[in-house]
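Derivation of every value follows stated rules applied to the coordinates shown; laboratory data play no part. Predicted, not measured: the structure shown is a model, and the values here were computed from it. A quick note on method: Cβ atoms are made from the backbone with ideal geometry, for glycine too, and the neighbour counts reach across all protein chains shown.
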Amino acid sequence: MATTTRTLEVELATQSLGPNGELRRVPLTATPDGVVMPIDLPPGTEPDMGSERMLINIGPQHPATHGVLRLVLELDGETVVRCIPHIGYLHCGFEKIGEYRQYNQIIPWTDREDYLNSMGNNISYALSAERLFGIEITPRCTVLRVIAMELSRIISHLVWLGTTAIDMGAFTPFLWTFQERETVYNLWESWVGARLTTSASRIGGMAADLPSGWIDGLKAFLRSLPKTLDETDRMLTRNGIWVGRTVGLGVMSASEAINYGLSGPMLRASGVAYDVRKDVPYLDYETYDWDIAVGTKGDVYDRYLVRMEEMRQSIRIIEQALQRLPDGPINVDDPRVILPAKSKATSEMESMIHHFKLVMEGPRPPIGECYVATESPKGEKGYYLVSDGTSKPVRWRIRPPAFVNLSAISKMAEGHLLSDVIAINASIDIVMGEIDR
Amino acid sequence: MGLTPATKPSLVSYDPPSQDGWVTTRLEFLVNWGRANSLWPMPFGTACCAIEFMATAASRFDLARFGMERMSYSPRQADVLICAGRVPFKLAPVIRRIYEQMPQPKWVISMGACASSGGMFDNYAVVQGIDTIIPVDVYVPGCPPRPEALIHGIMMLQDKVRQQRSISDQQQYEEITIDPSSRFYIPAAQIDELSEPFGNSVHQTRSAP
Amino acid sequence: MSVVIPGAALPHGTPDPVTPRQIPHRGGEANPSVEALRAQFGEVIGRHDVMWGETCVWIDAARIRDVVLWLRDDPSQQYDYLVDVTAVEHRDLDLPMEMVWHLRSLPYRRFLRIKASLPMAAELEVPSIEPVYKAANWLEREVFDMFGIRFAGHSDLRRILLWDSYAEGFPLRKDFPLRGRFSRSEQLSQALSANPEAKYSMEELSIADAFHELPADMRARLGGTSTGEG
Amino acid sequence: MGLQAYLPVLMLIGFVLLNAAIIIGLSQWAMRRRPTTVKLEAYESGIPVLGDARERFSVKFYLVAMLFIVFDIETVFLIPWGTAFKRLSCTGAVIDGLCTGATSFFGLGEMLVFMAILAVGLTYVWRKGALQWD
């Protein structure tokens, strides 16, 4: 998209920041008749009078930005000439708070960061903390965690499907998907007590074991979900408006997608069959029989198909996991991290001291660092923990998949129409809590 | 709900304190009834509470029963600003500007612990309660508040709207003037006092063990 | 449209990866790329260790771009996926600050962590790897925003999470208090009273200026070289 | 007698104007304006606006508007023709809905000629590519 001289080929990259981060402006030189000429443009060049450009804000408070993302678009009529994303409107200092909390106290933070996939984040953090402690979890806990992560993937894709359909004018899928999501809310609530901010995992186990009747509730959900998926599929997949608005939009080729660091459905839609569950397996994912959905062209329509197929594969995984769910303890009996049973803690003296010491000081990992990647609905979600032996981490780094996926939006959006930018932004499945941390 | 006796929800009865004319009280009753049952919310949804707000607006906890299913994303047509989620300092001028651009009569519901008091985010980046920036009518506790809790907050707001003397007392709708230098509604000392850490959050700033 | 299969470059018989069990705290066999790096770059590569099954290589910070470029383009390495760029500052301040790069090779299914230590006294400056990986653009901007480490050769180094005229410094540094340096009312008043152009980057202001859309007072403030505060 | 025939239309116009006057008048009377500087500024997702919307737009928007007006008026002419169709295509007088003379194709033919002329215009515009958007 060649920018005309009217768009002022001034140094668009701003090295204009002072040593401690305050803004230094690049001075603009204006010729006598008020035409602003860039510094190094030879004088006398006649700016061609293209049609006027308009700068508009699809700003923090906008129904189509899925949270508080702000896109500044330079429009030529209806075509987007340049798309400049501004993020940080939900920056709440997660990583800073992580250095002031014990390892088990960070778990409530993980489900407020990517609040659509809260159970998945809890377990992903627990996995990286357990590797930092060098703990192997019990078989029952492994299978339970697989069920929880796949269910969390399904409900995250359901919210994405509902809100993307609203962005393109179809309101009813939003009500269907939230109806399904309410059933999963009931399952979470009966298991952990909270609908959205579950904080379900602990280092070395889970907060609680399944209540009775939970498996039947899950089986009922697994019967009703495919019906909703088929209904939405019948409504959207071959719908003329949907196809017309999504095919050929925001195309990313395979090599570009890898270089931009995309991950998850964004990467697989561009034809790269990389899934953390298959390539860097955890929780025995390699023993389940399921396959990855891979797109071909890498446009918004392929991302929609990949996510719909992923939900069906998640159902397959959950059904296999339900068959192999073993009995047995849910917490590993490692006194460094797991509290003694309540009955022993109130009756025996050293259990009480152990309970008090563990709660007051928190578990202490050996000195070291580790990075564990898991497949979150947005992409490769990883927690990089650095410990210096004390009970509070030195560094709690969240590898945000949606943050890296969103960094490619200006490449995807430029050249399309204004309404296509909304569709492309919805296809990236952004959650601002995770992007701004 | 818990400790204080529940306020008597006055759906129909209306007893104006002073002896206004019969016409103005009936007209006020009609205006308040109209406003209370058709509050158009402006969902200022930032974080997890926004997802719970969507669940409240969806078909199971249907907000349409309270006349609020018509979401208005522009402040020009909004009656209630529902701040669902935490507000960082970078977002403070945005929510302040949107509140100022809403026409009177306007109300604010602060949904969730993070909007009401900064919640668990007692750090450098988050506003410790949006009541330091904009006047708030109803605080809904919870993290995130259950849809029933939000609906209870909305019903409390409807009670407040029903009891307002909308025609006879025009002063209550005057726009609050900003102190031009610091652009605050309330004095800076009060903001510092409101944002003081409380409870066990007082000594959470030790990074070492 | 051919599908890119990770692990394609591995010899045909290699088994599929499995969930790692009983990972040793230290030791364990290192990533073959370490020897290749030593052969290629010699003394630029410092020590390496294997922590919880992940190989970590220490290098000289100034040569990061050539190392990463070679790792990506060499047919025997093919580290084509940049996972993360971040920094770590330890609690006792005489330990230097560490830059951390996480790389992944999709064809060879390998994971490598590259570290470089930056002495605190010196100017925190590291060559940017944005020319090698486009993903590094925002990741490096965030490390600059949170730690104050400048990246030489970055196309658009600005603050990404906090607003450009944020005056309290760099939040993730250990000397930065948890609740910020200023009082709450001061933070709030600075956030609320920022001038309108503080909300736009230089790029948008120059575009608007090219079309004579800048209001007079903003143009006056911008015309001079004073900061956006005015 | 002539006015009598137009009574329904005039009542309709009167009611419409009365309705509009009531709505606007009542709200003007009851409303109290409380303008503040920020409230009068433009709303753009909560961010101060840069530049204004009065821009010179490319000509294709104007072109599409003109095409719409042409074919919209074509449909407007269809309506009176439809009401008078029975009288047009009946040689004799129409008595309470029945045609006394022989039916002729005049009514239909007349409209087909009208449509054909506009169809020529449409094909010209279509081939020239004015309907192609980008």
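Once the Cα atoms are used to define both axes, helix D:106-128 deviates from the longest principal axis of chain D by about 40 degrees. Placing a label point 7 Å from the Cα of B:ARG206 along the Cα-to-Cβ direction, the residues of region A:381-412 whose backbone N falls under 13 Å from that point are A:391-392. Per q in 0.08, 0.10, 0.13 Å⁻¹, report the Debye log10 I(q)/I(0) for chain C, using one uniform scatterer on each alpha carbon and no solvent. Each listed q maps to, in turn, -0.43, -0.63, -0.91. The equivalent ellipsoid that matches the C-alpha gyration tensor of the protein assembly as shown spans semi-axes of 51, 37, 34 angstrom, in descending order. Semi-axes of the equivalent ellipsoid of region A:268-338 are 32, 15, 10 Å, computed as sqrt(5λ) over the eigenvalues of the C-alpha gyration tensor in descending order.
Counts of other chain beta carbons within 10 angstrom of each beta carbon in peptide B:73-81 average 2. Given the C-alpha centroids of region C:136-159 and region B:18-52, what is the distance between them in whole angstrom? That distance is 48 Å. In this structure, the pairs whose alpha-carbon distance is over 18 Å, taken from A:LYS227/A:LYS297; A:LYS227/A:LYS278; A:LYS378/C:LYS199; A:LYS357/A:LYS392; A:LYS378/C:LYS115, are A:LYS227/A:LYS297; A:LYS227/A:LYS278; A:LYS378/C:LYS199; A:LYS378/C:LYS115. Of the residues B:ALA149, B:ALA188, B:ALA92, the one that moves most in a GNM of chain B with alpha-carbon contacts below 10 Å is B:ALA188. Dipole size of the protein assembly as shown about its Cα centre, with +1 on Lys/Arg Cβ and -1 on Asp/Glu Cβ: approximately 1600 debye, rounded to the nearest 20. Rounded to the nearest 20, the Cβ-based charge dipole of region A:150-255 about its Cα centre (Lys and Arg +1, Asp and Glu -1) stands at 160 debye.
Once a ≥ b ≥ c are taken as the square roots of the eigenvalues of the Cα gyration tensor of region A:63-202, is the result rounded (a/c under 1.5), prolate (a/b larger than b/c) or oblate (a/b not larger than b/c)? Oblate.
Protection proxy ranking of A:398-408, C:41-51, A:285-295, by the mean of other Cβ atoms within 10 Å over each peptide's residues and highest first, is A:398-408, A:285-295, C:41-51. Taking trypsin sites (Lys or Arg not before Pro) across region B:156-204, none is in a DSSP loop with at most 10 further Cβ atoms lying within 10 angstrom of its Cβ.
Remark on region C:24-161: Rg and Dmax equal 14.7, 42 Å (Cα only).
In chain A, taking the dipole from charged Cβ atoms about the Cα centre, the farthest positive-side position among A:THR346, A:GLY134, A:THR110 is held by A:THR346.
Helical content of the protein assembly as shown, expressed as a calculated mean residue ellipticity at 222 nm, amounts to -12000 deg cm²/dmol (DSSP H runs of 4 or more residues, -39,500 (n - 2.57) each, divided by residue number, nearest 500). Inter-chain neighbour count for A:256-262: the average number of beta-carbon atoms from partner chains within 10 Å of each residue's beta-carbon is 6. Shielding of peptide B:171-181 by partners, expressed as the average count of other chain Cβ atoms within 10 Å per residue Cβ, is 2. Stokes-Einstein diffusion for chain A, with the hydrodynamic radius set to the Kirkwood value over Cα pairs and evaluated at 37 °C in a medium of 0.692 mPa s, equals 137 µm²/s. Expressed to the nearest 5 percent, the antiparallel share of DSSP beta bridges inside the protein assembly as shown is 75 percent. Between C:ARG47 and B:ILE186, the C-beta separation translates, for a Förster distance of 51 Å, into a calculated FRET efficiency of about 0.35. Here the spin labels are modelled as points 7 Å beyond Cα on the Cα-Cβ line, and at D:TRP133 and A:SER190 they lie 4.8 nm apart.
For region A:302-321, there are no residues whose amide N sits under 13 Å from a probe point set 7 Å from the Cα of A:LYS227 along the beta carbon direction. Rounded to the nearest whole Hz, the Karplus-based 3J(HN,Hα) values (6.51 cos²θ - 1.76 cosθ + 1.60, θ = phi - 60°) of region A:386-401 follow the sequence 10, 10, 10, x, 7, 8, 10, x, 6, 8, 10, 9, 9, 7, x, x, with x at glycine and proline. All Cα-Cα separations within region B:56-209 were binned at 10 Å from zero, giving a P(r) of 10, 35, 36, 16, 3, 0, 0, each value a whole percent of the pairs. Pop the C-beta distance of D:ALA53 and A:VAL243 into the FRET formula with R0 = 41 Å and round what comes out to the nearest 0.05. The value I calculate is 0.80. Rounded to the nearest 10 degrees, the inclination of helix D:2-30 to the longest alpha-carbon principal axis of chain D is 10 degrees. Candidates B:ALA125, D:ALA20, B:VAL80 compared by Cα position along the dipole of the protein assembly as shown: farthest toward the positive end lies D:ALA20, with charges placed on Cβ.
For D:LEU26 and D:ALA84, a Förster radius of 41 Å and the Cβ-Cβ distance give a FRET efficiency of 0.50, rounded to the nearest 0.05. Evaluated over the Cα positions of region D:46-134, the convex hull gives a direction-averaged projected area, one quarter of its surface, of 10.6 nm².
Cα centroids of region C:1-49 and region D:33-105: 69 Å apart.
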